Amino acid sequence: MTGPVRPWRGRMITGTTINPMTLLELESPAFGRLGAAIRQGSFNEKPRTESDCCPCQFDTASPQTTQPMPATLRHILRLLPLLFLSLGAHADQQRDPALGPLLQKALHDGKCFEDKFDRAVWFAAMEPRLKRILKNEAERTLILEQVQCEAKRLQLPPALVMAVIDVESRFDRWATSSAGAVGLMQVMPFWPKQLGMKNSQLVEIPHNIRMGCTILKYYLERERGDYSRALARYNGSLGRRNYSDLVLVRLANRWQYK
């Protein structure tokens, strides 16, 4: 699934190339400060707080005077990239007939056998990064354990799973999309009925990550390791690069792991 390391805009991206128009359009003069705000909100490598997520200012009537951007407007600008992504996504994602048997089997598989050394290395690398986003220690621990477990079980890059969760839900297990997708990895709501699950199980961290990873692995195999196409299928936006590029940039900037 991985390929040669290629340089791109000063960053190292493993095994894929990213459409530069995704970010170049935001750097054009036409986007101005709005583009700068969106870039900072989505692609800045440094952890941010609510107060500094968008340091831009609005011009008033006098070109010499400025005032801070209202907090509500800052919040809207932070959500714009997710809005653009949701407009491109299809509600029929995850409906491939082959997924049902795979998910059924995954839900009945046993627990992972934990390697204490691997766990210690994984937690040392990822726990400080996740702590900047998710303050609940118990949820952090469970997410990291489950991501490592499922990545090992399915031979997925665990850092890719972290990047998908970051983009899909920002590690909020209660997240729900306009299409009804639920949880950390935004699993579609029709699965519980088809698989004999309770609806509440979709927001449970182990179930959601196991199902999401199984779906992601299926699309990676279907696309023969092509990350961009597999991620687009996962998001329901095949034919567009916005979502795939955002996940891969997030992977390179925030979740890269050995």
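Please specify each residue of segment 198-253 satisfying the condition of being touching an Asp or Glu at 6+ places or on another chain (Cβ under 7 Å) and not in a helix (DSSP H, G or I). Passing the criteria: only 236. Before we move on, is residue 247 over 25 Å from residue 114 (Cα atoms), at pLDDT 90 or above and open to solvent by less than 20 Å² (accessible area, probe 1.4 Å)? Answer is yes for this residue.
Per-residue answers, yes or no, for (1) out of contact with any Pro (no Cβ under 9 Å at 6 or more places or on another chain); (2) over 18 Å from residue 161 (Cβ atoms):
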{"site": "95", "(1), (2)": "yes, yes"}
{"site": "118", "(1), (2)": "yes, no"}
{"site": "122", "(1), (2)": "no, no"}
{"site": "127", "(1), (2)": "yes, no"}
{"site": "130", "(1), (2)": "yes, no"}
{"site": "137", "(1), (2)": "yes, yes"}
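Residue 128: under 21 Å from residue 258 (Cβ atoms) and exposed (fewer than 15 other Cβ atoms within 10 Å of the Cβ), yes or no? For residue 128, the condition - under 21 Å from residue 258 (Cβ atoms) and exposed (fewer than 15 other Cβ atoms within 10 Å of the Cβ) - is met. Run down 74, 95, 140, 78 and say which single residue is within 24 Å of the chain's Cα centre (by Cα) and at pLDDT 85 or above. That would be 140, the only listed residue that is within 24 Å of the chain's Cα centre (by Cα) and at pLDDT 85 or above.
Scanning for something open to solvent by 40 Å² or more (accessible area, probe 1.4 Å), among the β-branched types (Val, Ile, Thr) and at pLDDT 90 or above, does segment 160-183 turn up at least one residue? Yes; the residues of segment 160-183 include at least one that is open to solvent by 40 Å² or more (accessible area, probe 1.4 Å), among the β-branched types (Val, Ile, Thr) and at pLDDT 90 or above. Condition check for residue 193 on (1) part of a helix (DSSP H, G or I); (2) open to solvent by less than 60 Å² (accessible area, probe 1.4 Å): one failure, at (2).
Taking segment 133-155 as the search range and keeping residues that are in a loop (DSSP other than H, G, I, E, B) and either polar (S, T, N, Q) or open to solvent by less than 10 Å² (accessible area, probe 1.4 Å) (or both), which one is nearest to residue 217 (Cα to Cα)? Residue satisfying both the conditions and the ranking: 155.
The values are calculated or read from the model by the stated rules, or taken from the named source; none is laboratory data. Small disclaimer: the values here were computed from a predicted structure and weren't measured. Ideal geometry is used to build each Cβ from the backbone, glycine not excepted, and the neighbour counts take in all protein chains shown. Each accessible area value is taken on the protein alone, full model and side chains, heavy atoms only, with ligands, DNA and RNA left out. Shrake-Rupley method; radii C 1.70, N 1.55, O 1.52, S 1.80 Å.
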